[in-house]
Amino acid sequence: MMDNFGARLRAAREARGWDVESCGQALRLPLRVLRQLESGDYAGIDYQVYLAGYLTKYGRHVGVEEAALQAELARLTPVQPALVATGGISHSRYLLERYARAATYVVLTAAIVVPTIWLGVRGTLDRDVSHLAPLDAKPVAQGDLPAAAGSVAGANAPAGNAPLPVVPRPAEPSAEQQEQPLLASMTPFPNLGSGDNAQPKEAAKPAPVGEGAHSLTLELANASWVEVVAQDGSRLEYGLLPAGTNKTYRSDKPVTVRIGNATGAQVMVDGQPVALDSYRRANVAHFKVDLRDGKATPAGV
């Protein structure tokens with residue numbers, strides 16, 4: 001039958017007056033494949049992928065009957081073996097086995113997790129919690145209680161040989177009480193060397209710098225760089241002074257003063273305050289203390 005279908009393809013092509021080359025160009029198929037189809041030699045052609053497509057395309061191109069084409073394709077299609085059920089399971093049994101497997105996992109998980117949690121909680125509850133006590137707290141058992149009780153009993157004992165009342169002895173502290181940890185307090189201790197009415201001593205004022213009848217006093221609210229230069233070029237002050245500095249300079253000659261970070265600084269010349277606003281620029285005060293008619297007077301530089 002293979003030869004008959006291949007001869008039918010060749011006869012249909014020749015009846016139309018076509019050659020194999022023109023058919024190959026029209027269908028874009030190799031000449032080798034077309035000659036194999038006409039000769040019925042299907043060797044080397046993949047039956048499952050290409051053979052059915054080649055036969056259908058070539059048969060419809062040359063005008064072969066559709067019934068003959070389908071018969072040839074049915075012959076070439078391999079017969080699939082019938083599926084035979086070897087066993088079956090009902091839907092209810094399938095659900096039972098499925099949920100039984102899930103229940104098994106739940107039971108095993110509970111059997112492992114629940115005892116673990118219970119043991120951990122029980123161990124935490126049974127653990128002894130240490131008690132904290134300040135250092136100044138009196139211990140539970142004091143050694144002076146029996147002596148005090150004995151002295152009171154001796155004082156109240158009747159004359160003669162009357163028996164003394166028995167004072168119960170306090171219980172000995174347990175091992176847990178003896179090992180009770182102590183808590184250190186961070187509260188500062190009071191000054192034991194001074195009395196209750198002791199007042200803090202005021203810091204001693206530094207001695208005036210230089211000698212002379214006129215004075216220049218500086219009170220600095222903030223840390224400031226201060227330079228005080230005498231007329232002869234000697235420096236009475238040159239450096240950074242801390243906040244709260246109160247310092248006095250004495251001289252009989254004019255001095256030049258420069259105060260950095262002059263905010264809050266107070267200046268007095270011979271006890272008279274000096275306003276620094278007119279001498280300040282960019283928070284730096286720069287002025288000169290002149291001597292006019294024997295009187296010290298601030299002036300700009």
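The values are calculated or read from the model by the stated rules, or taken from the named source; none is laboratory data. This is a predicted model, so every value here is computed, not measured. Neighbour counts are summed over all protein chains in view; Cβ atoms, including those assigned to glycine, are modelled from backbone coordinates with ideal geometry. The accessibility values were calculated without ligands, DNA or RNA, using every heavy atom of the protein model including side chains. Shrake-Rupley method; radii C 1.70, N 1.55, O 1.52, S 1.80 Å.
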Condition first: among the polar types (S, T, N, Q) and open to solvent by 40 Å² or more (accessible area, probe 1.4 Å). Now tell me which residues in the stretch 246-297 satisfy that. ASN246, THR256, ASN261, THR263, GLN266, GLN272, SER278, ASN283, THR297
What about GLY40, is it closer than 22 Å to THR77 by Cβ and open to solvent by 70 Å² or more (accessible area, probe 1.4 Å)? no
Which number in (1) over 20 Å from GLY271 (Cβ atoms); (2) open to solvent by less than 40 Å² (accessible area, probe 1.4 Å); (3) polar (S, T, N, Q) marks the one condition that SER234 misses? (2)
Which residue, of ARG281, ARG258, ARG292, is charged (D, E, K, R) and modelled with pLDDT of 90 or more? ARG258
Assess whether SER130 counts as being over 30 Å from ALA12 (Cβ atoms), out of contact with any strand residue (DSSP E or B) (no Cβ under 9 Å at 6 or more places or on another chain), open to solvent by 80 Å² or more (accessible area, probe 1.4 Å) and at pLDDT below 55. yes
How do the pairs read when you match residues in the stretch 224-251 that are farther than 24 Å from GLN272 by Cβ and modelled with pLDDT under 90 with residues anywhere that are open to solvent by 30 Å² or more (accessible area, probe 1.4 Å) and in a strand (DSSP E or B), using Cβ under 6 Å and keeping only pairs 6 or more apart or on different chains? TRP225/LEU240
